[in-house]
Amino acid sequence: MDTFSAVERSNIMRKVKSRNTTPEKIVNRVVRSFGYRQQRNCEDLPGRPDIVLPGKRIAIFVHGCFWHRHRCPSATLPKSNRNYWKLKQERNMRRDHRNARALRKLNWKVLTLWECQIGKIDRLKRKLETLLSR
């Protein structure tokens, strides 16, 4: 059972940001540290990638584990309204796959970084360095 009323929960969820999140800022800083210029939340590409390197045709998505249903402890379903959240996460996953496929058809490389992976900065740097050196 939720400890908040429906109105309170709605207000809390309304404040969850979808752009310029802390994980996005961290990835942005790491990409910039490699000397690359990037666009953020590029609206003219499928799925509005969080970070885009146009010169290398690389689109980076920074996904929240809960919202995009990562296979980690942070992605558990809430105890209340489980059907709603399960459907919501499934829709998000289908949309993510559709957007990645559309970008690949346009000859873009797609990288998805998960919120739980962002905290491991050395690992993140190695992963981005490998992708960017290609």
Open item on the list: Residues to consider are Asn92, Asn99; find the one that is touching a residue at least 24 places away in the same chain (Cβ under 8 Å), of a type in the set (S, T, N, Q) and under 30 Å from Phe4 (Cα atoms).
Closed with: Asn92
Task: Residue within region 111-133 that is closer than 30 Å to Ala6 by Cβ, of a type in the set (Ser, Thr, Tyr) and over 12 Å from the mean Cα position of the chain (by Cα) present - done: no
Task: In region 30-47, the residues that are touching a strand residue (DSSP E or B) at 6+ places or on another chain (Cβ under 9 Å) and under 22 Å from Asn92 (Cβ atoms) - done: Arg40, Asn41, Cys42, Leu45, Pro46, Gly47
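Among the residues of region 89-97, are any out of contact with any Pro (no Cβ under 6 Å at 6 or more places or on another chain), of a type in the set (Lys, Arg) and under 20 Å from Arg29 (Cα atoms)? Quick ask: steps written out before the conclusion?
We begin by selecting, within region 89-97, every residue out of contact with any Pro (no Cβ under 6 Å at 6 or more places or on another chain); these are 89-97.
Narrowing the set further to residues that are of a type in the set (Lys, Arg) leaves 91, 94-95.
Narrowing the set further to residues that are under 20 Å from Arg29 (Cα atoms) leaves none.
No, there is no match, as no residue in region 89-97 is out of contact with any Pro (no Cβ under 6 Å at 6 or more places or on another chain), of a type in the set (Lys, Arg) and under 20 Å from Arg29 (Cα atoms).
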TODO: Determine the pairs where a residue that is at positive phi, located within region 57-80, has a partner that is crowded, with 19+ Cβ neighbours inside 10 Å and assigned to a loop (DSSP other than H, G, I, E, B) with Cβ atoms under 6 Å apart, the partner being 6 or more residues away or on another chain.
DONE: Arg57/Trp108
Task: Identity of the residue in region 96-134, loosely packed, with under 11 Cβ neighbours inside 10 Å and closer than 18 Å to Arg32 by Cβ, that ends up modelled with the lowest pLDDT - done: Ser133
TODO: Please tell me if Ile58 is within 15 Å of the chain's Cα centre (by Cα), surrounded by 15 or more Cβ atoms within 10 Å (Cβ to Cβ) and at pLDDT below 90.
DONE: no
- [ ] Search region 26-41 for residues that are free of Cβ contacts under 8 Å to residues at least 40 places away in the same chain and pair each with any residue that is acidic (Asp, Glu) and assigned to a helix (DSSP H, G or I) when their beta-carbon atoms are under 8 Å apart and the residues are at least 6 apart or on different chains.
- [x] Arg40/Glu24
Open item on the list: Would you confirm, using the coordinates I've provided, whether Trp85 is touching a His at 6+ places or on another chain (Cβ under 6 Å) and over 16 Å from Pro54 (Cα atoms)?
Closed with: no
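The values are calculated or read from the model by the stated rules, or taken from the named source; none is laboratory data. Fair warning: this is a prediction, and the values are worked out from it, not measured in the lab. Note that we place each Cβ from the backbone using ideal geometry, even for glycine, and neighbour counts take in every protein chain shown.
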